[in-house]
């Protein structure tokens, strides 16, 4: 009996390699043509300003102000439904509440909840945290993946089959689906990691049930840790991270993806999976991982963390593609929209310092603070830039997650756990106000040519 030939589907054969070169050769576009046809690549103009493609009431990003008819950079501000995020954070911190659930309510419904409304909303989210019977065993525990974003997307798409009204895009049904997604994302993310940790890494398996009396941040730590133990500061810093990542305008890649896909009339599960696919990219949700990896390389290279000259030399090497991943970037510095400062990073920084003190990692915090201070100076000296450069939210978030003992595999899923709030609000907004499928134009620059018979090729 002949042996069955085993096929390695991941292998790049010489034939595929040759075809790849052919593809690249015949698909490369002359970069000068983008200027010729006034193409705003990435939907941003030559000055980095976003092309206006929609309207929203959900959030606003302020990075400039107009003075005497001139557009001038200013300290960044972020508004959720017209409320300054700094004020929102100050409010629930002063009253010693966890803020993420309140933030979700604000983003979805356009107003802050009363005490009773917040209590009812929290109970509703707790109700929706239950997964379908045997879902964990049949879906999450089988075929675990090393990539938690793919695991999360697969789980979301599978939930479609458990919903008898999956294709109903009425506002009430989409809201119900959105609340379920918001409630389930922490559970799906942590369970997906626990399956990977057990079946792939060989660690013990821990599956805790979510507790209805806990906030989203508390439940994440409860589900993840073997003993379910955490400090109040740990939970509050994670809660703050969820609040600050919950929403950031309609133009960021994943939220715009949500608008685009929703405009086609597709179901909630497909739309959320598409947004997850976007967020997974290292240029978007995966950026904080790059920051952590960059700092790991810096710690190995710089012998004295207090020597600013050594730090500057390393940052220069980064920009000159001589260090870390040779990408020429200082990860965590700069933002597509903000110029002088990212308000989320400013809010976060003080709490990061408190957590570093609790964890005995003040030396690392000081290293981060030194890079934050020195990087803009190095970038200004080495690069031509059209606006200011400051630390963004990704600069500190990875450090926070490492202090919380979150595995690297969960960094981007935690972003998704937070951003599902904003995605859901934008999906609702698109359904309420949309009607047209989003379809921008592309200009063909290929030369017309006749078809050639096989004998003449």
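Where a number appears in this text, it was derived from the coordinates with a stated rule and is not lab data. These figures come from a predicted structure and were not determined experimentally. With ideal geometry, Cβ positions are generated from the backbone for all residues, glycine too; neighbour counts draw on all protein chains shown.
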Rounded to the nearest 500, what is the chain's calculated 222 nm mean residue ellipticity when only DSSP H runs of at least 4 contribute -39500 (n - 2.57) each, over all residues? -17000 deg cm²/dmol
Please express the shape of the range 1-131 as an equivalent ellipsoid: the semi-axes are the square roots of 5 times the eigenvalues of the C-alpha gyration tensor, given largest first in whole angstrom. 47, 34, 12
Using the reciprocal of the averaged 1/r over all distinct C-alpha pairs, how large is the Kirkwood radius of the range 9-77 in Å? 16.8 Å
Rg (one decimal) and Dmax (whole number) from the Cα set of the chain, in Å, equal 23.9, 86
Residues 294, 403, 148, 454 arranged by fewest to most Cβ contacts within 10 Å: 454, 403, 294, 148
Sort the following peptides by mean Cβ neighbour count (other Cβ atoms within 10 Å, averaged over residues), highest first: 231-239, 137-145, 34-42. 231-239, 137-145, 34-42
What is the range 319-457 by shape, rounded, prolate or oblate, if you read a ≥ b ≥ c off the alpha carbon gyration tensor as root eigenvalues and call it rounded for a/c under 1.5, prolate for a/b larger than b/c, and oblate otherwise? prolate
Where the centroid of each part is defined by its Cα atoms, how far is the range 343-411 from the range 4-59 in Å? 31 Å
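Report the equivalent ellipsoid semi-axes for the range 242-342 in whole Å, largest first, defined as the square roots of five times the eigenvalues of the gyration tensor built from alpha carbon atoms.
35, 14, 12
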Give me the percent relative contact order of the range 313-409, please, defined on Cα pairs under 8 angstrom at least 6 residues apart. 39 percent
Sorted by mean Cβ packing within 10 Å, highest first, what order do the peptides 184-190, 112-118 take? 184-190, 112-118
Under the definition of Cα pairs under 8 Å and six or more residues apart, what whole-number percent is the relative contact order of the chain? 20 percent
